[in-house]
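Derivation of every value follows stated rules applied to the coordinates shown; laboratory data play no part. Source: prediction; values computed, not measured. Neighbour counts run over all protein chains shown; Cβ positions are idealised from the backbone, glycine included.
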């Protein structure tokens, strides 16, 4: 595993618990930054022929979330790191969605806002928490 104690090379002598904590924190920060950048872009739209608005920002936000989720899944971090990644995403979305009376929010109560919250959460949770091929093969 990538967070086990290295005996030589870079990271030699670093305790496994410290490496595991760094992986958890890195996963949390990566998805937090991803959630913020994707939230800023999700309302973007392009006006096409006939005045039809295409929600390309939502597509870009979901694509970015899918790429980061697939990247983290390919790294194969622990369950704690994957839960921290999902938690970081949710914390940022809760922060940018909240606001008191008269304040602007980055996730408005419209179709694209609700689609971003729901589809982004389902997509990231599926990529991070569903078992992979190795886990399915082990269960039989």
Packing-wise, with mean Cβ within 10 Å as the measure, how do 42-48, 114-120, 31-37 rank, highest first? 31-37, 114-120, 42-48
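Under the rule a/c < 1.5 gives rounded, and otherwise a/b versus b/c splits prolate from oblate, where does region 42-120 land using the Cα gyration tensor? Don't skip to the answer; put the middle values down first.
On the way: a/c = 3.89, a/b = 1.43, b/c = 2.73.
Oblate, since a/c reaches 1.5 and b/c is not below a/b.
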Given 0.36 nm per residue, what is the gain on full extension from residue 91 to residue 129 after removing their alpha carbon distance, in nm? 11.9 nm
Value of relative contact order over region 46-120, rounded to a whole percent, pairs C-alpha under 8 Å and six or more apart: 31
